[in-house]
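Every number here is computed from the coordinates shown, using simple stated rules; none is lab data. The structure presented is a predicted model; accordingly, all values stated were derived computationally and were not measured. Quick reminder, even Gly has a Cβ in these numbers, built from the backbone with ideal geometry, and neighbours come from all protein chains shown.
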Amino acid sequence: MTTTEYENIRRDVRSLDAIFRPRSIAVVGASRRRGSIGREILHNLIEYEFNGPVFPINPHAKVIHSIKCYPSVLDVPDEIDLAIIVVPKEQAVEAVEECGQKGIKGIVMITAGFREVGGNGAEREERLAEVIRKYGMRMVGPNCMGIINTDPKYRMDGTFAPSLPLEGNVGFMSQSGALGAAILDTALDLNLGFSMFVSVGNKVDVSGNDLINYWKDDDATKVILLYLESFGNPRRFTQLAREIIRHKPIIAVKSGRTRAGARAASSHTGALAGLDVGTQALFEQCGILRVDTVEELFDLAQAFSKQPVPLGKRIAILTNAGGPGIMATDAVVNLGLQIATFSEETIAKMREYLSPESSFSNPLDMIAGANHDTYRRSLKLLLADENVDAVLVIFVHPVYVDALKIAEAIIEASREKGEKPVLCCFMGKKDEFSGIEELQKAGLPTYLFPESAVMSLAAMEKYNRIRKRPEGKVVTFEDVDRAAAQSIFDRALEEGRPRLTDFEVNEVLAAYGITMPRFALARTLEDAIRAAEQLYYPVVLKVISPQIVHKSDVGGVILDLRNEAELVRGYMRMTDNIAKLPYKVDDYRIMVQEMVPGGRELIMGMSTDPAFGPLIMIGLGGIYVEFIKDVNFRIHPITDLDAREMITSLKGYKLLEGVRGEKGINIETVMEALERLSQLIGDFPQIREMDLNPFVAFPESGRCMALDARMSLQVPAAK
């Protein structure tokens, strides 16, 4: 099969039907030994009542699990759609070759011992990939736990996990096979059902991108959960996720957030772009809901899979205990939600049956004497109140109250909720009389603590905003001078220089419509005096040398020189600072630049991530940027929506809007500068890192400009 033919098969999303919707399955490496993976997979297929024939394959057995066994898939007289392979690693490639000869189109390779072990394993994995391409097959794995499809038409549990899954609407992809059994056990404990579960392993063929694309139009999948350790094709992932998120949420936990011993970075942007920045930027751009732990992943999964998304931020809290109500209130406020204000009609009706000692504000504390009737009536009233978007029901178990009756009352009242979600918090011991299992089976997410429930509500409300936001567009400016910038980059690369001079950076930015102050370069004090007279005072002095990257660190920037006497003193102080450096600066010049007072200092820039490519950054700038770290990153290219969100989601955005009577900066001009940088980066992939620090922003668009900038390049290795 040609490469083109194979790629056409991979692009066809229906090609995965051979794996997830097979009519027949062979277990290659099936075993009679209890506890072995080959035996447990065969057992699970039968126990879960797969709707089709199952063929055990083992050359050393005639019957396994009361089913006729075959020496090879080539000996099976019937057609086979899917082969689940559990043979030793040395036999894996041969087993797949036989599957190809048989015409099997779906493979799940459970066997480990490939790229993850290095050495011969990597070579073995490449041979495996070659066979897959040769026959145009699709494969999950190797080194995986298997797959599940709970659709009643197929009923397939192709894993070796001890717990049989519940039918549901959650598609779950895990890059960790070791987590698989724990994930399935936890889901069972929460009464959380899957539509499909996939342990992808080494991703030789089927990737996370393939799976989310497959689930995109799958009616049985309402929520997509991802446990990620790496990205294969981040740009494809971004494209797919942005489309999917309009219709169903994607919730992800990504491991590998830290790096021991990060590489040294010459620019502020590079120093701020840690290991996890690309992942976070991708999730923000796509609208993926990120959590920090698998526990939080399940907290959100409960809510999204069982309840509608709230249409607003107004939360009602119904409780029988003051303390948990206060805890919930704090969480609501801290997570950006709002405490709902009950209507006068709602309060009047509640006064008719609740104890006078109850608190009729929000949270509605019915005190410890609350029973199933007061819970039922109060929940119905809160759900009917137009001032309420969602309800959190908290129950702390007094000795004399029947928790099961409370649960039944909540279930009954919640059936009239319409589009308003109801989440529950039952605090105390979980047992057969706690009512928790009944609530979960009725589709009411139930948590042990209020904070988990509120976090889930906050994520649902955020998703409601994400799916409604406009898509944004990548802006292209026609007034740029690409040829002028091209000549500068060509000259630098021909000379083998990894950094542009300050003068060259100025010219490149000017070619793309980003203004810098007027300046002149001086080699002597006399040159500096003449330059200052032409530029007019006040001026700034900056040292210019390829040996000095961060000028402020070495006393290489002197501001606000207002006359010739101050200029002379400043010039002498700067040359003295340079002479005192622990290394010799052989060739430097002094830049005399017009002073631009006032404005808000920002930083813009980019750095190159090995997995995600160019990352564009904006933040509060100046010399303390690496300590404040109020910055946002996005993956190139950015849309106009990305540019606006990068600015407005800064922690210090209130300062940019203007405080204590000050005017705010011109946001549109700052957005345009970011978009122009994005276009520059796209036009010239040889740019490795770039800083505009500070970029000063004013209320007036014409005054916004970059005061200092640096740019480094990817220099090709010498031949």
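For this structure, a couple of remarks:
- Note on region 308-468: Rg/Rh from C-alpha atoms, Kirkwood Rh, equals 0.93.
- Kirkwood Rh (inverse of mean 1/r, distinct Cα pairs), region 569-664, angstrom: 16.7
- Computed over region 490-554, the quotient of the alpha carbon radius of gyration and 2.2 N^0.38 Å is 1.27.
- Restraint check, Lys216/Lys629; Lys222/Lys441; Lys248/Lys420; Lys248/Lys430, Cα-Cα greater than 25 Å: Lys216/Lys629; Lys248/Lys430
- Unit charges at the beta carbon, dipole of region 482-594: most positive-side option, Gly555, Thr524, Val592: Gly555
- Cα Rg over Rh - region 1-84, Kirkwood: 1.05
- Kirkwood analysis of the Cα pair distances in the chain returns a hydrodynamic radius of 29.7 Å.
- Beta bridges by DSSP in the chain, antiparallel share as percent, to the nearest 5: 50
- Between helix 120-135 and the chain: long-axis angle, C-alpha atoms, 0 to 90°, nearest 10: 70
- Pairs of alpha carbons in region 393-530 whose separation is greater than 23 Å (percent): 64
- Value of Rg/Rh across region 94-247 [Cα atoms, Kirkwood radius]: 0.97
- Degrees between helix 450-468 axis and first principal axis of the chain (Cα, 0 to 90, nearest 10): 70
- Each residue of region 515-527 was assigned a 3J(HN,Hα) from its phi angle through the Karplus curve 6.51 cos²θ - 1.76 cosθ + 1.60 (θ = phi - 60°); the sequence is 7, 10, x, 5, 7, 9, 9, 10, 9, 10, 4, 4, 4 Hz, with glycine and proline shown as x.
- Gain in span if fully extended, Lys654 to Asp330, counting 0.36 nm per residue against the direct Cα distance: 114.4 nm
- Degrees, to the nearest 10: 482-494 long Cα axis against longest axis of the chain: 90
- Residue order, fewest to most surrounding Cβ atoms within 10 angstrom, among Thr221, Thr2, Thr159, Thr446: Thr2, Thr221, Thr446, Thr159
- Binning all Cα-Cα separations of region 482-594 at 5 Å, short to long from zero, yields these whole-percent fractions: 2, 11, 21, 20, 19, 14, 9, 4, 0.
- Footprinting exposure proxy ranking of Glu495, Glu657, fewest other C-beta atoms within 10 angstrom first, gives Glu495, Glu657.
- A viscosity of 1.567 mPa s and a temperature of 4 °C, combined with the Kirkwood radius over Cα pairs in Stokes-Einstein, give a translational diffusion coefficient for region 3-221 of 76 µm²/s.
- Alpha-carbon Debye profile of region 85-140, log10 I(q)/I(0) at 0.13, 0.26, 0.29, 0.31 Å⁻¹: -0.27, -1.05, -1.26, -1.38
- Dipole magnitude (debye, nearest 20) for the chain, charges at Cβ of Lys, Arg, Asp, Glu: 640
- Largest-first ellipsoid semi-axes for region 386-443, taking √(5λ) over the Cα gyration tensor eigenvalues, angstrom: 22, 12, 10
- Exposure proxy ranking for Lys651, Lys203, based on other Cβ atoms within 10 angstrom of each Cβ and starting from the fewest, stands as Lys651, Lys203.
- Its Cα gyration tensor gives region 413-474 an equivalent ellipsoid. The semi-axes, each the square root of 5 times an eigenvalue, are 31, 14, 8 Å from largest down.
- Across region 600-713, the convex hull enclosing all Cα atoms gives 99 Å³ per residue.
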